[in-house]
Amino acid sequence: MKLSSHEQVLSFCEARQVVENQARRLKPAATEKLSLNRSLARFLALPIRADRDFPPFPRATRDGFAVRSADLFKLPARLKIIGEIKAGAAPESMPRRLGHGEAVVIMTGAPVPMEADAVLMQEHTKRCHEGGIEALRQVVAGENIVPRGAEAGESQLLLDVGTRLTPTGIAVAASAGYSTVTVFRRPQVAVLATGDEIVPVHTSPGPSQIRDSNLHSLSAQIELAGGEPVPLPIAPDHPRELGELIALALEHDLALFSGGVSMGKYDLVEDALKAFKAEFYFTGARIQPGRPVVFGEAEAPVKRRKRSGTSPEPVAVRRVPFFGLPGNPVSTLVTFELFVTPVLRALAGGQPAPLLFASARLKTGLRMPAGLTRFLPARLSGEPGSIEVECLNWRGSGDLVCASRANCYLVVPDDRDGMNAGEEVSVLIFGTELR
Ligand code: AMP
Ligand code: MG
């Protein structure tokens, strides 16, 4: 057993708070201009503003007849059709202004003529033989019309700096005329898997070797959270080689180490980080899975080429955030979601996003000792209004196979020694970074 002099084990809430506080200090790097079609999931570095009123004219939201609502106060009301306005047609293309007792055929998305104050749906009319219509219902002023500028006025802020571009956001940008957008560059996130037993995915493992799955789960999570994964060679449990690879990892915007942070004799990551003047914000969290998670900041040289053709030399130092994630694959996945995402999001230029919890009714009760906040692989099912959740029968934090069947994690608060069947419980849905 190794005893650490700088042990700082926090509750889940404390650890998350530390991460959020540190994330607030971090700034994104440079910006770049991208074609709108390549901007999915990027964070805006310049805002999107309305280039005109939205909608730019009073817009019909139904196929039917543009009418003066007062003409329909008394039913049955007969209206004379004096023309037609299709989407894309100018209201001035009408033969003349709409008078009392008159209506104009109008399509969804077409501009409503000035004199009309409502659109009567086609379904609420009957054709009359003399070419007019009979209104079967009244309409209130404004019905089935979105007034000019009701969604946004010209020059209004539509998407602020730090907004992540979702398909909806991309549609907003397109409707305001942005064929290119200015976004933050994706932060480079080094991923360093450690462990003598770990081998790359393309090699055939010996009887006691384990394939490196963490590099791949972390790379996928980094991409989802808005970063660019930079895979490093697997580090053996050997101080010198580990130190050299940590130095390489710290050349990036964020360094993630997987494995080697527990209490075992060969868990060397924390010690190795001390050579880089590491400051540890915490060295563990009272959670399951993922208790040995480590968060801190270490010193890395800033290198520049003094002359072209020469190799880069250190010219200054900078502080680089790092996480030591426990090597057990489910612990790695969970601790990334819980703690890495706020830091990565800040480096990517995103506005802070809280964890998204949902509530559901627990199908089957469970018992366990209190003292840890637990995130247990679980499955949500059911229909709107009666969502149920059931914990999966996992074999602990190495059980990736079970975790791959989960669609959420059941949250057990640290003051509970069990959860009862039928109880309303919280679940955490992972992979919701695209927001
Ligand atoms: P550690 O945190 O280094 O004590 O590792 C804990 C467990 O996770 C051990 O069973 C390791 O074999 C496993 N493990 C560590 N790193 C990886 C990895 N990159 N991919 C898959 N399993 C890993
Ligand atoms: Mg290890």
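The values are calculated or read from the model by the stated rules, or taken from the named source; none is laboratory data. Source: prediction; values computed, not measured. Neighbour counts are summed over all protein chains in view; Cβ atoms, including those assigned to glycine, are modelled from backbone coordinates with ideal geometry. Quick note on the areas: whole protein, heavy atoms, side chains included, nothing else; ligands and nucleic acids left out. Shrake-Rupley method; radii C 1.70, N 1.55, O 1.52, S 1.80 Å.
Ranked from highest to lowest mean number of other Cβ atoms within 10 Å per residue, what is the order of the peptides 246-258, 363-375, 316-328? Intermediate values should be presented prior to the final figure.
Numbers: 246-258: 24.0, 363-375: 15.4, 316-328: 21.1.
Peptide ranking by packing, descending: 246-258, 316-328, 363-375.
Going through the cross-link list 274/303; 265/363; 27/274, which pairs have a Cα-Cα distance over 31 Å in this structure?
Flagged as over cut-off: 265/363.
What is the distance in Å between the Cα centroid of the stretch 391-435 and that of the stretch 284-363?
A separation of 22 Å, based on Cα centres.
Could you pull out which residues in the stretch 268-285 have an amide N less than 12 Å from a spot 7 Å beyond the Cα of residue 14, following the Cα-Cβ vector?
Counting only backbone N, you get 282-285.
What's the ranking of 403-414, 110-121 by average number of surrounding C-beta atoms within 10 Å, highest first?
The most tightly packed comes first, giving 110-121, 403-414.
With a point put 7 Å past each Cα toward its Cβ, work out how far residue 46 is from residue 386 in nm, to one decimal.
In this crude spin-label approximation the distance works out to 5.4 nm.
Give the shape of the stretch 221-292 as rounded, prolate or oblate, defined through the alpha-carbon gyration tensor: a ≥ b ≥ c are the square roots of its eigenvalues, a/c under 1.5 means rounded, and otherwise the shape is prolate if a/b is larger than b/c and oblate if not. Could the numbers behind the result be given before it?
On the way: a/c = 1.57, a/b = 1.07, b/c = 1.47.
Taking the square roots of the gyration eigenvalues as a ≥ b ≥ c, the stretch 221-292 is oblate.
Would you mind counting up the charge near residue 112? Only other residues with Cβ under 12 Å from its Cβ, with Lys and Arg at +1 and Asp and Glu at -1.
On the way: positive: 59, 62, 68, 148; negative: 115, 117, 143.
Summing Lys/Arg as +1 and Asp/Glu as -1 gives +1.
Residue 75 label point, 7 Å along Cα→Cβ, cut-off 14 Å on backbone N: hits in the stretch 105-120?
Counting backbone N atoms under 14 Å from the label point, the list is 120.
Place a point 7 Å from the Cα of residue 211 along the Cα-to-Cβ direction; which residues of the stretch 330-346 have their backbone N under 19 Å from it?
It comes to 330-333, nothing else.
On the accessible surface of the chain, probed at 1.4 Å, how many percent belong to carbon and sulfur atoms?
53
How much accessible area per residue does the stretch 333-427 have, in Å², with a 1.4 Å probe? Before the final figure, lay out each step's value.
Values: 4350 Å² over 95 residues.
Here the per-residue accessible area is 46 Å².
At a Förster radius of 22 Å, what calculated FRET efficiency corresponds to the Cβ-Cβ distance of residue 359 and residue 281, to the nearest 0.05?
For R0 = 22 Å, the calculated efficiency reads 0.10.
State, as an integer percentage, the relative contact order of the stretch 187-312 based on alpha-carbon contacts under 8 Å between residues 6 or more apart.
Reported as a whole number, the value is 25 percent.
Is there a quick way to get the dipole size of the stretch 58-128? I mean about its Cα centre, with the Cβ of Lys and Arg at +1 and of Asp and Glu at -1; what is the value in debye to the nearest 20?
Working: 11 positive and 8 negative charges, 41 e Å.
With only Lys, Arg, Asp and Glu charged at Cβ, the dipole is about 200 debye.
Which distance in nm do the two modelled labels at residue 241 and residue 304 give, with both placed 7 Å along the Cα-to-Cβ direction?
3.6
What shape does the stretch 322-407 take by its C-alpha gyration tensor, where a ≥ b ≥ c are the square roots of the eigenvalues and a/c under 1.5 counts as rounded, a/b above b/c as prolate, and the rest as oblate?
oblate
Rank-order 220-231, 23-34, 133-144 by packing density, defined as the average count of other C-beta atoms within 10 Å over each peptide's residues, highest first.
Highest-to-lowest ranking by the protection proxy: 220-231, 133-144, 23-34.
Using a cut-off of 21 Å between alpha-carbon atoms, which lysines can reach residue 80, once sequence neighbours fewer than 8 places away in the same chain are excluded?
By straight Cα distance, residue 80 reaches 126.
Given the chain, what percent of its DSSP beta bridges are antiparallel, to the nearest 5?
Counting DSSP beta bridges with both partners in the chain, the antiparallel share is about 70 percent.
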